[in-house]
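S.K.: The structure follows.
Any read-out appearing in this document is the output of simple, stated calculations on the displayed coordinates, not a laboratory observation. Quick caveat: nothing in here was measured; it's all calculated off a predicted structure. Cβ: placed from backbone, ideal geometry, glycine included. Neighbour counts: every protein chain shown.
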Amino acid sequence: MTSVVETAASPRPPRVGIFGLTGCAGDQLQILNCEDQLLQLAERMEIVDWVMVKSNSDRRTPLDIAFVEGVVATRRDLEMLRQVRARAKMLVAIGTCAVWGGLPAMVNRISRDELAREAGRDVSDLPETVEARPASEFVPFDLKLTGCPIERDEFLRLVHAVLAGTRPELPRVPVCWECKAKENLCRVIHFGEVCCGAMTRGGCGARCPSHGVACGGCRGPVETPNYDANITMFRDRGISWIEIARRMERFSAPAWMKAGLEREVHGGQEP
Ligand code: SF4
Ligand code: SF4
């Protein structure tokens, strides 16, 4: 991994930029929500380009670390992403949209006519868009931090690790693992619901099942999700295949479509 740590040859704090492509800006807000800890971090790095918080952002200076959230949904997004990649030694994807596509990538299966109708606008008033894809599909990223939005403590651990010249330890276990550790009643077994916990990357502390709500998969898939086994588990409980597929594609449509969900979502055929 590229080192961005201050050295004798480079006696200055790392220069940082934070950028948003198409998305809700929720990950940037999570960084702002770090409040006191963010102020402490700001003493160890120089935030030079962050349009959300700085009126005098420097758009040109080379960066040691750049954080990017959102999907590429317009040509302008792609141009900006390439510029940031060329400018930064280390590029970090933040949020499910940048890593997996997130909710904005669901737009790909809705026609522009339908979008205009829903928005009460004329099609010609809609912005020019391209197929919405995760930023991580267009340029190489050095690190990826998923979450919708990202978890504050994970972000802080990542930044501390990078400033120390190491790699952060990010969770690889599924949400089910954290859910079991909390001794929650399983939403699938006890309530017959579609819960994506077994296929979703942990790190949120099983937040939703801990509050009596099935996991919607907002952190994206684990490294090797066993889609077929989960489908069988849900089908054995009488849950519709299409209901399962639609729930799983919600936050990571491009990834799940590659895994074969297209057939279920668009075929509309029950087995
Ligand atoms: S409730 Fe969901 S996350 Fe928890 S054990 Fe059951 S399937 Fe896994
Ligand atoms: S339980 Fe699932 S939907 Fe809820 S925050 Fe965690 S990953 Fe997201």
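S.K.: What share of Cα pairs, in percent, lie more than 16 angstrom apart in the stretch 177-240?
M.R.: Roughly 42 percent, once rounded to a whole number.
S.K.: Using the per-residue mean of other Cβ atoms lying within 10 Å as a proxy for protection, in what order, highest first, do the peptides 145-152, 115-122 fall?
M.R.: Per-residue mean Cβ counts within 10 Å order the peptides as 145-152, 115-122.
S.K.: Could you run the Karplus curve 6.51 cos²θ - 1.76 cosθ + 1.60 with θ = phi - 60° over the stretch 119-126 and give me ³J(HN,Hα) per residue in whole Hz, x for Gly and Pro?
M.R.: Residue by residue, the stretch 119-126 yields 7, x, 10, 7, 4, 5, 7, 6 Hz.
S.K.: Sorting check: for 86-99, 173-186, 191-204, which peptide has the highest mean count of neighbouring beta carbons within 10 Å, and how do the rest follow?
M.R.: Top of the packing list down: 86-99, 191-204, 173-186.
S.K.: Using the Kirkwood radius over Cα pairs, work out the Stokes-Einstein diffusion coefficient for the chain at 25 °C and 0.890 mPa s, in µm²/s as a whole number.
M.R.: Diffusion coefficient, whole number: 123 µm²/s.
S.K.: Could you order peptides 156-166, 15-25 by the average number of other Cβ atoms within 10 Å of their residues, highest first?
M.R.: 15-25, 156-166
S.K.: Could you pull out every one of the lysines with an alpha carbon less than 25 Å from that of LYS89, ignoring same-chain neighbours closer than 8 positions?
M.R.: LYS54, LYS144
S.K.: Which percent of Cα-Cα pairs in the stretch 30-158 sits in each 10 Å bin, short to long?
M.R.: P(r) over the stretch 30-158, rounded to whole percents: 12, 36, 33, 15, 4.
S.K.: Let me ask another. Where nothing but the Cβ of Lys and Arg (+1) and of Asp and Glu (-1) is charged, how large is the charge dipole of the stretch 38-182 around its Cα centre, in debye to the nearest 20?
M.R.: It comes to approximately 340 debye.
S.K.: I would also like to ask the following. For VAL130, VAL68, what's the fewest-to-most ordering of other Cβ within 10 Å of each Cβ?
M.R.: VAL130, VAL68
S.K.: From the helices alone, meaning DSSP H stretches of at least four residues, give me the mean residue ellipticity at 222 nm for the chain, per-run term -39500 (n - 2.57), in deg cm²/dmol to the nearest 500.
M.R.: Theoretical 222 nm ellipticity from helices: -8500 deg cm²/dmol.
S.K.: Given that compact globular proteins tend to follow 2.2 N^0.38 Å, what is the ratio of the alpha-carbon Rg of the stretch 95-180 to that value?
M.R.: That ratio works out to 1.49.
S.K.: Which of the aspartates and glutamates could a cross-linker bridge to LYS182, judged by Cα under 14 Å and excluding same-chain residues fewer than eight apart?
M.R.: none
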